[in-house]
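Down below is the structure, laid out as structure tokens.
The values are calculated or read from the model by the stated rules, or taken from the named source; none is laboratory data. This structure is a prediction, so every number in the text was calculated from the model and none was measured. No Cβ is skipped: glycine too gets one built from the backbone with ideal geometry, and neighbour counts run over all protein chains shown.
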Amino acid sequence: MNRIDQTFLRLRTKKETALIPYIMAGDPYLERTEDLVLAMEQAGADIVELGVPFSDPIADGPVIQRAGLRALKWKTALKDVLKLTADIREKSEIPLILMTYYNPVLKFGIDRFFKEAEICGLDGVIIPDLPPEEGRVFLERSRQNGLNWILLAAPTTPPARLKTLSGKTQGFLYYVSLTGITGASLKNFSEVKTRLSAIRRLTDTPVAVGFGVSTPEQVRALAGMADGVIVGSAIVRLIEEHMDDSDLPAVVAAFVRQLKQAVAGGRVRRAVKTGLAHS
Amino acid sequence: MRTLPDQNGHFGIYGGRFAPETLMPALTDLERYYEASKKDKAFQSELKEYLEKFAGRPTPLYFARRLTKKLGGAKIYLKREDLCHTGAHKINNTIGQGLLTKRMGKRRVIAETGAGQHGVAVATVAAAFGLDCEVYMGTEDMERQSLNVYRMRLMGAKVTPVDSGSRTLKDAISEAMRDWTTNVRTTHYILGSVLGPHPFPVMIRDFQSVIGTEARRQIRSAEGRLPDCLVACVGGGSNAMGLFYPFLTDHKIKMIGVEAGGHGIESGKHAARFADGSAGVLHGTMTYLLQDDDGQIRLTHSVSAGLDYAAVGPEHSYYHDQGRIHFSHVTDDEALAAFDLLSRVEGIMPALESAHAVAHIVKLAPRMKRNQIIVVNLSGRGDKDVMQVAKMRGVKL
């Protein structure tokens, strides 16, 4: 069982929702990313998502686009982020997930990626432009290597497809809260709630909600509906505003702590199950 | 060859549907509507009527007598897509997708544009069909194609500047895909070339293949036989695929796609994907790309905004590997010289994109026999480029 599965299992026992912050690796620079991950863990993050910059991030809004550009100024590449993962792994057992686009992984080599990911202690990967139809090799390797390939579902996803996605995803299902890109603002909570209960009827796999979640209030509202809440652009914006400050990790940690308190303030909506679908 | 792509939109290893989950159902829907429209007689007759009476088809196949004589080799025929309404072949596709938009019950269309020709063709169809329209265009391209920006606005389209990345076509496509992801329930994305996730490459190829279907009939009637060679410029590759597709199984006919050589391949400032690229995924499709060792998309350069793009249509990639379509490239300077040449010798001012195809035949025709025939796709007219060319030459208008 990998660290992501263990985390959701542990949190379910405590009836707690996972807080999953996202930051862009290499923003403002790579050494800082390690400080930030460790500070966020201290502040209560349960899982951390690390962005790997791509020149043409079609699923990202302006905030994460700018973060990607800053990271690309240093030529931050997949190999560097894998190395960073290994460095963090020496100091921490927090589950780490990479979020990137397909081309950098393809160029790196799919087999090489899975091999090195395992060595570095990476736990999961999210690729918004790789749907399961195009990822047969990816699925095979992820099953062999124990690296979770986390799939996304969207508000536009029809029920039959939702069932396929939740059956194929590993670790958790990433539910995109709105039709849009990262950094948009989620307003319609009742739709999210309806969709999440529909997903719940289909699968036991943990579900984490992301896109458009930026405030402790939103996190509190969502905590009761999902197994995990993902916050990206709001943290990345904070990093942008404070990137030159020596206390950047403390600033980010303070915000993450607020988010974690908000998560704890929400209620997990169901009792503990003994097993997970993909353990 | 006629069975490609497969049901998932793959041309061999190329093509496919590498799209965000939010868009997957819209792509499936689009495919369903498109497949139905092929068998729908009412749709087909409406399409035919708009192509004839709105776009002005068929376009002539013109024997370029003086150019042929000047080059002293093969006979050169020009497929006059520059005479289409709005000045380029782009309208063939936008009429088709505009009609599909109405069938799908969507009220808004969006588009990317490089040279502005596709943007103008979308704005035109949106006006004609009463649809809301927003066009994304890189700020660099807005400057060099300011005339087309104003044309779009005159027809009621909103032109939204894209200031990210290289500020050209690539970034305009990214921004259009972000808009589509956000507004997918009400909006159709009229992609302008044989690019993007399935079914765009096959659908756009089919809408554009009217070019080759006409050219085939016209050259038979003019010469009593099929040509020896077809030449077209390739940005995304829709005008080229439109001309080539109906001739693909005529194995004796050579097909040449001409890419933007910019300042030359060795300079690194170009958009010659086949000369200097490798397979990868960009904007929803697997195809030849200009990319670096980390899989980041490289910046491109071309004097022609419509060819200034890091990827190429996946079907071109497939036929490149098969050896069925050959690819060459010409530099900015060669294209500009061809722009002058065709203007002066034939009284036809080509778009800078199409001037790349003309520049290639300047090299090719003299090496061919006088009884051989070349058909060149003159994909667009050069009016939009006049300001840019004047500015480059220090002429104040």
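Quick notes on this one:
- Of all residues in the stretch B:44-72 being buried (at least 18 other Cβ atoms within 10 Å of the Cβ) and over 21 Å from the mean Cα position of the chain (by Cα), the one that is nearest to B:Ile211 (Cα to Cα): B:Ala64
- Selection from the stretch A:207-266 of residues that are of a type in the set (Asp, Glu) and under 30 Å from A:Lys163 (Cβ atoms): A:Asp227
- Candidates B:Glu140, B:Glu134: the one that is more than 22 Å from B:Leu352 (Cα to Cα) and among the charged types (D, E, K, R) is B:Glu134.
- Every pair of residues 6+ apart whose Cβ atoms lie under 7 Å, when the first sits in the stretch B:52-72 and is free of Cβ contacts under 8 Å to residues at least 60 places away in the same chain while the second is β-branched (Val, Ile, Thr) and outside any loop (DSSP other than H, G, I, E, B): B:Ala55/B:Ile91; B:Ala55/B:Ile95
- Hits in the stretch B:8-30 - residues which are surrounded by fewer than 20 Cβ atoms within 10 Å (Cβ to Cβ) and in contact with a His (Cβ under 9 Å, 6 or more places away or on another chain): B:Asn8, B:His10
- Residue selected from the stretch A:146-158 under the condition surrounded by 20 or more Cβ atoms within 10 Å (Cβ to Cβ) and more than 10 Å from chain B (Cβ to nearest Cβ), by the criterion nearest to the chain's Cα centre (by Cα): A:Ile150
- Highlighted here are the helices (runs of 4 or more DSSP H) found entirely within the stretch A:29-145 that include at least 2 residues which are away from every other protein chain (no Cβ under 11 Å): A:30-42, A:62-73, A:78-91, A:110-120, A:136-145.
- In the stretch B:2-25, the residue that is nearest to the other protein chains (Cβ to nearest Cβ) out of those that are aliphatic (A, V, I, L, M) and either part of a loop (DSSP other than H, G, I, E, B) or more than 21 Å from B:Ala311 (Cβ to Cβ) (or both) is B:Ala19.
- Some residue of the stretch B:50-69 being within 14 Å of chain A (Cβ to nearest Cβ) and at pLDDT 95 or above: no
- Subset of the stretch B:164-187 (residues that are at the interface with chain A (Cβ under 8 Å from one of its Cβ atoms), among the basic types (Lys, Arg) and touching a residue at least 24 places away in the same chain (Cβ under 8 Å)): B:Lys170
- Residue match in the stretch A:230-250 (condition: within 25 Å of A:Lys14 (Cα to Cα), among the hydrophobic types (A, V, I, L, M, F, W, C) and surrounded by 16 or more Cβ atoms within 10 Å (Cβ to Cβ)): yes
- Meeting the requirement of 3 or more residues that are of a type in the set (Val, Ile, Thr), the helices (runs of 4 or more DSSP H) wholly within the stretch B:57-171 are B:90-103, B:117-129.
- B:Asp29 fulfils the conditions (1) assigned to a helix (DSSP H, G or I); (2) more than 14 Å from every other protein chain (Cβ to nearest Cβ) except for a single criterion, (2).
- Qualifying positions in the stretch B:336-354 - aliphatic (A, V, I, L, M), assigned to a helix (DSSP H, G or I) and in contact with a strand residue (DSSP E or B) (Cβ under 8 Å, 6 or more places away or on another chain): B:Ala338, B:Leu342
- B:Lys158, sole failed condition from (1) within 14 Å of chain A (Cβ to nearest Cβ); (2) in contact with a strand residue (DSSP E or B) (Cβ under 6 Å, 6 or more places away or on another chain); (3) of a type outside the set (Ser, Thr, Tyr): (1)
- Answer from B:Ile253, B:Ile211, B:Ile219 - the residue that is in contact with a strand residue (DSSP E or B) (Cβ under 9 Å, 6 or more places away or on another chain), β-branched (Val, Ile, Thr) and closer than 20 Å to B:Gly96 by Cβ: B:Ile211
- Residues of the stretch B:87-118 that are closer than 15 Å to B:Phe54 by Cβ and either in contact with a Pro (Cβ under 7 Å, 6 or more places away or on another chain) or in contact (Cβ under 8 Å) with a residue 60 or more places away in the chain (or both): B:Gly87, B:Ala88, B:His89, B:Lys90, B:Asn92, B:Asn93, B:Thr94, B:Ile95, B:Gly96, B:Gln97, B:Gly98, B:Leu99.
- Residue count for the stretch B:161-213, restricted to those that are modelled with pLDDT under 95 and of a type in the set (Gly, Ala, Ser): 3
- Within the stretch A:196-213, tally of residues that are within 16 Å of A:Ile150 (Cβ to Cβ), hydroxyl-bearing (Ser, Thr, Tyr) and out of contact with any helix residue (DSSP H, G or I) (no Cβ under 6 Å at 6 or more places or on another chain): 0
- Any hit, the stretch B:292-308, residues being in contact (Cβ under 8 Å) with a residue 24 or more places away in the chain, more than 21 Å from B:Ala357 (Cα to Cα) and among the β-branched types (Val, Ile, Thr): yes
- Lone qualifier among B:Val358, B:Val375 - being buried (at least 24 other Cβ atoms within 10 Å of the Cβ), assigned to a helix (DSSP H, G or I) and among the aliphatic types (A, V, I, L, M): B:Val358
- Count of residues meeting criterion [closer than 22 Å to B:Ser354 by Cβ and of a type in the set (Gly, Ala, Ser)] in the stretch B:275-291: 1
- Scanning the stretch B:190-237 for residues that are of a type in the set (Ser, Thr, Tyr) and surrounded by fewer than 24 Cβ atoms within 10 Å (Cβ to Cβ) yields B:Ser209, B:Thr213, B:Ser221.
- Picking from residues in the stretch A:168-199 that are of a type outside the set (S, T, N, Q), away from chain B (no Cβ under 13 Å) and in contact (Cβ under 8 Å) with a residue 60 or more places away in the chain, the one that is nearest to A:Met1 (Cα to Cα) is A:Gly171.
- Remark: B:Arg205 matches the filter, which requires a residue to be over 16 Å from B:Met137 (Cβ atoms) and either more than 14 Å from chain A (Cβ to nearest Cβ) or in contact (Cβ under 8 Å) with a residue 60 or more places away in the chain (or both).
- Assessment of the stretch B:273-293 against the conditions (surrounded by fewer than 24 Cβ atoms within 10 Å (Cβ to Cβ), basic (Lys, Arg) and more than 16 Å from B:Phe18 (Cα to Cα)) yields no matching residue.
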